[in-house]
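Colleague: After the structure tokens below, expect a handful of questions from me.
What follows is calculated from the coordinates using simple rules that are stated; it is not laboratory data. All values reported here derive from a predicted model rather than from experimental measurement. Neighbour counts run over all protein chains shown; Cβ positions are idealised from the backbone, glycine included.
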Amino acid sequence: MDRNERGVFAWLPVFTLVILAFAIFADLFIAGTDRLQGPPQRIFYIHVPSAWVAFFAFFLVFIFSINYLAKRNPDDDIRAHACAEAGVVFCTLVLITGPIWARPVWGVWWTWDARLTTTLILWMIYVGYLMLRAYMTEPEQRARFAAVMGIIGFLNVPIVHMSVEWWRTLHPKPVVMRSGGLRDLPDSMHVALWSTLLAFTLLFVCFARKRVQIERLNARVEEARAAREEG
Amino acid sequence: MRRFFSVLLAVVEKDLRLEWRTKESLFVMVVFALLVLTLFSFAFGPGGGSGENARAVQAGILWISFLFACVIGLSRTMGVERESTGFSAMYASPADPSALYLGKVVSVAVLMGIMELVGFAVLAVLYRADVWKSAGALVLIAASATLGVAAAGTLFSAMSARTRTREVLLPVLMFPVLVPVMIAAVKATEAHLGGAGWADSRDWIRLMLVYDVVFLVAASLVYEYILEE
Amino acid sequence: MLEALGVSRRYGWRWALRDLSISVSPGETLALLGKNGSGKTTLLKTFTGLFRPTEGVVRLHGEQITREAKGRIGLLSHEPMLYAGLSIRENLVYFAKLFGMESGDIPARVECIAETLGIGERLDEPVRVLSQGVRQRAALARALLHDPEIVLLDEPYSGLDPEAAGRLTNVVRALCEHRGRIVVFTTHDLSKAFEMAERIAVLAGGRLVYEENVENSSEEDVSASFDEFPGGLA
């Protein structure tokens, strides 16, 4: 289970690297330069897929958490943990790329844009999730508490988003939001966006799988250590 | 159903009686809220600054001070449960965990309500806010916000009370999740302090009520996993 | 019948119970012996439904322990399980309500159980000021309050003076003999175990290492079972 990766999964990291290389190439060279924003717009191909992958990861945390509470399979807890960690990585990427893009385009590092703010709150919720795990020692209790946090945190996302959206719309918007939408993108940009999304999704799967394997090994080490202490 | 309420009331009675004996949490909560209210007036100038923005600043100060003070009350009441192994004692009984949870929420909300009364009074005096003009609306806003804060606070403090660092984790877990309630409470309070009234506050109050219902239902369902030893 | 079937429980990364099977019939009193950390308390808490076994199953009359079934179990734990700021009476009334007792019956029942345990006059004193002995009896009153069918006592004699211990012995005897209860208690005191119980079980390292009826057993046998597992009993 831990060592013998079979079939598709054995080649997954290699495959991911190939797609990732293509995606970076597409982002930089295939996609045309945006007429209004210029080169900084290219960060959009990193920013948006990261956000989607982060949301997807947190959704998986929610699912694995429910599964854990229902069936009490320690693997579900490990999976939820792995997804949360990988999700926070991508969420951090969103929060870093957002300001890098905003600075040249909007002239400020940070605006309290509804989506960006929701992502920030989301990031805080899941950093809290990871801290809760870090501060607990008893594995079963930790798994239960974390699962509760994973469920409640995710249920909150739509309400957080709604409240932040209202909060922003009741104020004058500082800058015009991204106009258009996906349909207005030229084909070359579509290639860049979707290939990066695929690459990031695969990267997320690789991260999460690796994390699960490490956590299983950790559990075995801890168990062996406890057994040895008992003599 | 009758048993559900009898358990719920028993928890409320027990918590309030313990609090009445010592008055530890309530006293600290009120003093802490007053302190924050005063300190903010140093930060923003007397009365929360001048002009249009003053009402917004006052509403913000008020709710931030309530939220901070509530963390203390929650840590205290869950600390008592931890010291007396109340979680295990409750879990060893056939009582419905949802009733145990809702009882705790009610007793936390009652304590917060008393603290808020003092807070609003102080706001009226120190910040010369016209609290009386829209007292009814403010009570409704405070009630829906308090319910949300108590709902989230009870769940997260039951968790954080049993981590290695005890109460330290509570704000980290609780504040991000309470963002919608805070935005809504501040905006709605601002609307009524400023005179915009129901037109601006109605949607915010609805948002809080939705939050309250979602959170109370979800947390009632998962509380049993928190009680388990 | 209360039974544990192949129960394992992981606590932290250690196994507090390992593939343990034992059963107790109505009317029977079982004494659990074993050194500290041998899994006695974990077993009692698993019987109470406080712990879910990591593996295996605990059954009461052939069914898994549900929330409703907890109303038929009374646990006296090491931990106080009483609110220090409330009086004994307030504590007992609170727990009576959690256990779903009719509010009309509660005051009389509280008086009655307190009388039986000899803490009738102390009912209105706050738990905070009580001596260890009285506190232990108050905790016992809490465990027996709802007249449980299964009584689980974790070292009931700790902190009791001989007189109180004698009184407790009588209470437990009455429980077993007259009402067909299941009583399981843990102790370090071999002679107490032989005096009170019908069956003796010894745990070591989370495993059951000795189980015998009192008639076929002797204190020497039980002591011997302790010594057989020098490593596991640590």
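Colleague: On a 0 to 90 degree scale, rounded to 10, what angle separates helix A:44-71 from the longest Cα axis of chain A?
Modeller: Compared with the principal axis, the helix lies near 30 degrees.
Colleague: Order the peptides B:56-63, C:207-214 from the highest to the lowest mean number of other Cβ atoms within 10 Å of their residues. Let's see the in-between values first.
Modeller: Values: B:56-63: 23.6, C:207-214: 16.5.
Top of the packing list down: B:56-63, C:207-214.
Colleague: Please return the longest stretch of chain B lacking exposed loop sites, where trypsin sites (Lys or Arg not before Pro) count only if DSSP places them in a loop and at most 16 other Cβ atoms lie within 10 Å.
Modeller: On the way: sites that count: B:K23, B:R128, B:R164.
The answer is B:24-127.
Colleague: What does the C-alpha gyration tensor say about the overall shape of the protein assembly as shown? Classify as rounded when a/c is under 1.5, otherwise prolate if a/b is larger than b/c, or oblate. Write down the numbers at each step before the final one.
Modeller: On the way: a/c = 3.10, a/b = 1.46, b/c = 2.12.
Oblate is the answer for the protein assembly as shown, as a/c is 1.5 or above yet b/c matches or exceeds a/b.
Colleague: I need B:L67, C:L130, B:L173 ordered by Cβ neighbour count within 10 Å, fewest first. Provide the component values of the computation, followed by the final result.
Modeller: Values: B:L67 22, C:L130 19, B:L173 27.
Going from least to most buried by this count: C:L130, B:L67, B:L173.
Colleague: Rounded to the nearest 0.05, what FRET efficiency is calculated for A:D34 and A:F59 with R0 set to 35 Å and r the Cβ-Cβ distance? Don't skip to the end; give the middle numbers.
Modeller: On the way: r = 30 Å, r/R0 = 0.87.
The value I calculate is 0.70.
Colleague: I've got another one for you. Hey, what angle do you get for helix B:179-194 against the long axis of chain B, alpha-carbon based, 0 to 90 degrees rounded to 10?
Modeller: Here the helix axis deviates by roughly 40 degrees.
Colleague: May I ask you to order C:188-196, B:221-229 by the average number of other C-beta atoms within 10 Å around their residues, highest value first? Walk me through the numbers on the way to the answer.
Modeller: Numbers: C:188-196: 16.2, B:221-229: 19.9.
Averaged packing, sorted descending, gives the order B:221-229, C:188-196.
Colleague: Whole percent per 5 Å bin, from 0 to the bin with the longest distance: what is P(r) over all C-alpha pairs of the stretch B:2-227?
Modeller: All Cα pairs considered, the percentages come to 1, 7, 15, 19, 19, 15, 11, 7, 4, 2, 0, 0.
Colleague: Same structure again: For C:T66, project a label point 7 Å along Cα to C-beta. Then give me every residue of the stretch C:1-30 with its amide nitrogen under 19 Å of that point.
Modeller: C:1-3
Colleague: Please turn the phi angles of the stretch C:137-145 into ³J(HN,Hα) values with the Karplus equation 6.51 cos²θ - 1.76 cosθ + 1.60 (θ = phi - 60°), one per residue in order, whole Hz, x for glycine and proline.
Modeller: Coupling constants for the stretch C:137-145: 5, 5, 5, 5, 4, 4, 6, 9, 3 Hz.
Colleague: Across the protein assembly as shown, how many lysine pairs, 8 or more positions apart or on different chains, have C-alpha atoms separated by under 16 Å? Please give the number.
Modeller: 7
Colleague: Residue by residue through the stretch A:74-84, what is 3J(HN,Hα) from phi via Karplus (6.51 cos²θ - 1.76 cosθ + 1.60, θ = phi - 60°)? Round to whole Hz and write x for glycine and proline.
Modeller: x, 4, 5, 5, 4, 5, 4, 4, 4, 5, 5
Colleague: For C:E102 and C:E212 in one chain, what is 0.36 nm times their gap in residues minus the Cα-Cα distance, to one decimal in nm? Write down the numbers at each step before the final one.
Modeller: On the way: separation 110, 0.36 × 110 = 39.60 nm, distance 4.07 nm.
So the chain would gain 35.5 nm between C:E102 and C:E212.
Colleague: If you average over every viewing direction, what projected area does the convex hull of the Cα atoms of the stretch C:2-227 give, in nm²?
Modeller: 12.3 nm²
Colleague: While we're looking at this one, here's another question. Once the piece of chain linking C:E125 and C:C112 is laid out straight, how much longer is it, given 0.36 nm per residue of separation minus the C-alpha distance between them? Show your work: numbers first, answer last.
Modeller: Numbers: separation 13, 0.36 × 13 = 4.68 nm, distance 1.69 nm.
Contour length minus Cα-Cα distance gives 3.0 nm.
Colleague: With labels modelled as points extended 7 Å from the Cα through the Cβ direction, what inter-label distance (nm, one decimal) is found for C:H78 paired with B:L35?
Modeller: 3.7 nm
Colleague: Which net charge results for the neighbourhood of B:I226, defined as the other residues with beta-carbon distances under 10 angstrom from its beta-carbon, given Lys and Arg at +1 and Asp and Glu at -1?
Modeller: Details: positive: A:R144, B:R162; negative: B:E224, B:E228.
With Lys, Arg at +1 and Asp, Glu at -1, the neighbours total 0.
Colleague: Enumerate the residues in the stretch C:76-106 having an amide nitrogen under 16 Å from the point lying 7 Å beyond the Cα of C:D147 toward its Cβ.
Modeller: C:96-97, C:99-106
Colleague: Once you mark the trypsin sites (Lys or Arg not before Pro) that are in a DSSP loop and have at most 13 other Cβ atoms within 10 Å, what is the longest gap between them in chain A? List each step's numbers first, then the result.
Modeller: Values: sites that count: A:R3, A:R6, A:R35, A:R178.
Value returned for the longest uninterrupted segment is A:36-177.
Colleague: What's the average, rounded to a whole number, of partner chain beta-carbon atoms within 10 Å of each residue's beta-carbon in A:139-149? Write down the numbers at each step before the final one.
Modeller: Working: counts 5, 9, 9, 1, 1, 8, 11, 1, 2, 12, 6.
Averaged over the peptide's residues, the number is 6.
Colleague: Now for a different question. Run through the DSSP bridge list for the stretch C:2-227 and note the antiparallel percent, rounded to the nearest 5.
Modeller: On the way: 21 of 38 bridges.
Here the share of antiparallel DSSP bridges comes out near 55 percent.
Colleague: Quick check: the angle from helix C:88-98's long axis to the longest principal axis of chain C, C-alpha only, nearest 10 degrees?
Modeller: Taking Cα atoms only, the helix is inclined about 70 degrees.
Colleague: For chain A, what does -39500 (n - 2.57) per DSSP helix run (n ≥ 4), summed and divided by total residues, give at 222 nm, in deg cm²/dmol to the nearest 500?
Modeller: Numbers: 6 runs with 175 residues, N = 231.
My calculation for chain A gives -27500 deg cm²/dmol from helical runs alone.
Colleague: Could you list the GluC sites (Glu not before Pro) in the stretch C:77-177 that lie in coil according to DSSP, counting only those with at most 12 other Cβ atoms within 10 Å of their Cβ? Walk me through the intermediate numbers first.
Modeller: On the way: sites: C:E90, C:E102, C:E111, C:E115, C:E121, C:E149, C:E163, C:E177; in loops: C:E102, C:E149.
Listed in order of number, the matching sites are C:E102.
Colleague: Only bridges whose two residues both fall in the protein assembly as shown count here: according to DSSP, what percent of them are antiparallel, nearest 5?
Modeller: Working: 22 of 39 bridges.
That works out to approximately 55 percent antiparallel.
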